[in-house]
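A.B. asks: This structure is in structure tokens; I'll ask about it shortly.
The values are calculated or read from the model by the stated rules, or taken from the named source; none is laboratory data. Keep in mind that this is a model prediction, so the values were computed, not measured. Note that each Cβ is placed from the backbone with ideal geometry, even for glycine, and that neighbours are counted across all protein chains shown. Just so you know, the surface numbers come from the protein's heavy atoms only, side chains and all, with ligands and any DNA or RNA stripped out. Shrake-Rupley method; radii C 1.70, N 1.55, O 1.52, S 1.80 Å.
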Amino acid sequence: MKPAIVRTEFAEAVFAHLERVRERNPQPQKPWGQDWECFLDEAGFSTAEDAAEARRVALALTADGLLDVKLRRDGERIQRFSVPLACERGWFVAYGRIHPADLPDKRADLNMVAWVPDLQFIKNSRVNVVMDDLVKLNEFLSAELGTKPIVPIKERSLEVFGDEKRLDGLLSSALFRPGRLDLMKHLRCEVIGVPLAWKRGPVAASTYPLIVIENAATWHSYCRWNEERKLFSGVVYGDGNRFADGIRYMTNIFAELGGTRRVLYFGDLDPQGLLIPQEASIRAQAANLPPIEPHVWSYGQLVTLGDGRAQNWTFEPPSSSLCAWLGDYAEPARRLFASGKRIAQEHIGWEFLQGKTAMD
């Protein structure tokens with residue numbers, strides 16, 4: 001018997017990718033796998049700490065026979081990983097799903113349940129969710145929910161499934177595709193992001209804009225720089241993809257600063273690094289908060305570094321509209337991505353920043 005799969009952020013990201021692939025190809029002839037760096041970028045493991053933890057978990061899963069990992073020549077860095085075909089069903093079972101290849105034998109069971117109107121779609125759809133979870137959802141949705149308050153997703157998950165993490169796991173399933181279930185409308189809950197860490201700027205900069213920094217190392221360096229140069233009322237740690245989910249906490253930061261102000265952003269010069277602030281901006285404006293703007297000077301420094309500091313990047317070039325957020329640096333960013341390159345924000349580190357001002 002294969003060891004149990006411990007639910008970590010990395011394992012959940014692996015399963016989410018595997019599930020999407022198997023929905024398209026339920027009878028595979030070869031294992032699903034992916035380039036390691038591409039996967040980390042796509043899954044949002046954008047900091048050094050995230051990457052190190054993902055590597056640790058991947059090697060542990062490999063030791064348990066649940067992943068196959070190919071190392072680079074140095075014997076340390078991971079080049080590629082895959083999920084062995086013999087282990088796929090174990091992954092689906094661990095996450096409470098049905099492997100798509102097994103679904104034809106399960107259709108009769110679905111027709112035996114009196115589904116509420118909001119779940120009628122599952123009788124004619126491939127949802128890949130175990131019957132027990134579907135029944136629990138059906139029982140919950142059978143009650144009068146109009147008076148229930150909106151609560152954090154983990155609280156509702158505990159109520160419905162007896163497992164505070166189960167509903168998070170189901171968000172990537174076909175149950176929550178457009179036009180089907182909606183967290184707020186049907187389950188009366190919402191995703192609660194991680195509170196935003198931040199450091200207040202000097203008193204002399206108390207009325208100046210905030211800046212959000214994507215990664216931890218650069219956040220630390222910008223905090224040091226701000227103490228000397230007094231450019232920002234505060235320096236916020238965006239923590240990669242978590243910034244958009246935690247946008248509501250900007251209200252708390254503004255309250256401590258004594259009012260709203262502009263919010264600038266600086267992240268990696270790659271598609272995911274541009275997508276994060278734009279998604280955050282949409283959520284911010286929906287909550288009547290200021291839009292997220294690029295810190296043009298910082299991005300300009302990255303662009304000036306050019307290809308000499310760029311790293312290879314293997315995704316398809318993004319749409320031109322994604323780069324438009326950068327304003328004058330949109331076209332250089334497009335050319336960079338089209339050449340298969342990206343530039344990490346850590347190049348604008350403490351040694352670079354010493355002696356610099358934002359007006360240089």
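A.B. asks: What net charge is computed for the residues neighbouring ARG283, neighbours being all others with C-beta under 9 Å from the C-beta of ARG283, Lys and Arg scored +1, Asp and Glu -1?
C.D. replies: Residues near ARG283 contribute -1 overall.
A.B. asks: For the ranges 271-280, 121-130, 144-153, 174-183, what's the packing order if you count other beta-carbon atoms within 10 Å of each residue, average per peptide, and put the highest first?
C.D. replies: Order by mean packing, descending: 271-280, 121-130, 174-183, 144-153.
A.B. asks: For a quick check: with amide H placed at 1.01 Å from N, whose amide H comes under 5 Å from GLY65's, ignoring anything fewer than 5 positions away on the same chain?
C.D. replies: For GLY65, whose amide H was placed from the backbone, there are no distant partners under 5 Å.
A.B. asks: Which of the peptides 287-300, 206-219 is most tightly packed, and how do the rest follow, judged by the mean count of other Cβ atoms within 10 Å per residue?
C.D. replies: Most protected by this proxy first, the peptides run 206-219, 287-300.
A.B. asks: Using only the alpha carbon atoms of region 187-249, find the Kirkwood hydrodynamic radius as the inverse mean reciprocal pair distance, in angstroms to one decimal.
C.D. replies: Hydrodynamic radius (Kirkwood, Cα only) of region 187-249 equals 12.3 Å.
A.B. asks: Quick one: P(r) of region 1-105 from all Cα-Cα pairs, 5 Å bins, percents rounded to integers, in order of increasing distance.
C.D. replies: Binned Cα distances yield the sequence 2, 12, 24, 26, 19, 10, 4, 1, 0, 0.
A.B. asks: Could you provide, to the nearest whole Å², the per residue accessible area of the chain with probe 1.4 Å?
C.D. replies: Averaged over the residues of the chain, the accessible area is 49 Å².
A.B. asks: Mind jotting down the distance between the C-alpha centroids of region 182-219 and region 50-70, whole Å?
C.D. replies: Each part reduced to its Cα centre gives a spacing of 30 Å.
A.B. asks: Would you mind giving the average projected area, over all directions, of the Cα convex hull of the chain in nm² with one decimal?
C.D. replies: Mean projected area of the Cα convex hull: 20.8 nm².
A.B. asks: May I ask you to give the percent of accessible area on region 245-284 that is carbon plus sulfur, with a probe radius of 1.4 Å?
C.D. replies: Percent of accessible area from carbon and sulfur atoms in region 245-284: 51.
A.B. asks: Moving on. With r as the distance between the Cβ atoms of ASP68 and ALA286 and R0 = 51 Å, compute the FRET efficiency 1/(1 + (r/R0)^6) and round to 0.05.
C.D. replies: So the FRET efficiency works out to roughly 0.75.
A.B. asks: Here's a follow-up. Would you mind checking which residues have amide H under 5 Å from GLU190's amide H? H placed 1.01 Å from N; only 5 or more apart, or other chain.
C.D. replies: When sequence neighbours closer than 5 places are left aside, the close amide H contacts are VAL151, ILE153.
A.B. asks: Would you please give the FRET efficiency between TRP350 and ASN312, computed as 1/(1 + (r/R0)^6) with r the Cβ-Cβ distance and R0 = 30 Å, to the nearest 0.05?
C.D. replies: With R0 = 30 Å, the Cβ-Cβ based efficiency is 0.70.
A.B. asks: Which whole-number percent is the relative contact order of the chain (Cα, under 8 Å, 6+ apart)?
C.D. replies: 12 percent
A.B. asks: Under the rule of -39500 (n - 2.57) per DSSP H run of 4 or more residues, summed and divided by the residues of the chain, what mean residue ellipticity at 222 nm is obtained, to the nearest 500 deg cm²/dmol?
C.D. replies: One gets -11500 deg cm²/dmol as the mean residue ellipticity at 222 nm.
A.B. asks: In addition: At a 10 angstrom cut-off on C-beta neighbours, averaged per residue, how do the peptides 161-172, 26-37 rank from highest to lowest?
C.D. replies: 161-172, 26-37
A.B. asks: How large, in Å, is region 137-179 by the Kirkwood hydrodynamic radius built from its alpha-carbon pairs?
C.D. replies: 11.3 Å
A.B. asks: Using the Karplus curve 6.51 cos²θ - 1.76 cosθ + 1.60 with θ = phi - 60°, work out ³J(HN,Hα) for each residue of region 82-99 in order, rounded to whole Hz, and write x for Gly and Pro.
C.D. replies: Those phi angles translate into 8, 9, x, 4, 5, 9, 4, 4, x, 5, 5, 5, 4, 9, x, 10, 9, 5 Hz.
A.B. asks: Going by amide H atoms built from the backbone, whose H comes under 5 Å of the H on ILE292, apart from near neighbours?
C.D. replies: Correct list: SER281.
A.B. asks: In whole Å, largest first, what are the principal axis extents of the Cα atoms in region 115-162?
C.D. replies: 31, 20, 13
A.B. asks: Given the pairs LYS123/LYS148; LYS123/LYS185; LYS165/LYS341; LYS154/LYS230; LYS199/LYS341; LYS30/LYS136, which are separated by over 29 angstrom at their Cα positions?
C.D. replies: LYS165/LYS341; LYS154/LYS230; LYS199/LYS341; LYS30/LYS136
A.B. asks: Normalised radius of gyration for region 252-330, please: alpha carbon Rg relative to 2.2 N^0.38 Å, two decimal places.
C.D. replies: Region 252-330 yields a ratio of 1.24.
A.B. asks: For a quick check of your reading of the filter: which trypsin sites (Lys or Arg not before Pro) in region 29-107 sit in a DSSP loop and have no more than 10 other Cβ atoms within 10 Å?
C.D. replies: Counting only loop positions with at most 10 other Cβ atoms within 10 Å, the trypsin sites (Lys or Arg not before Pro) in region 29-107 are ARG73.
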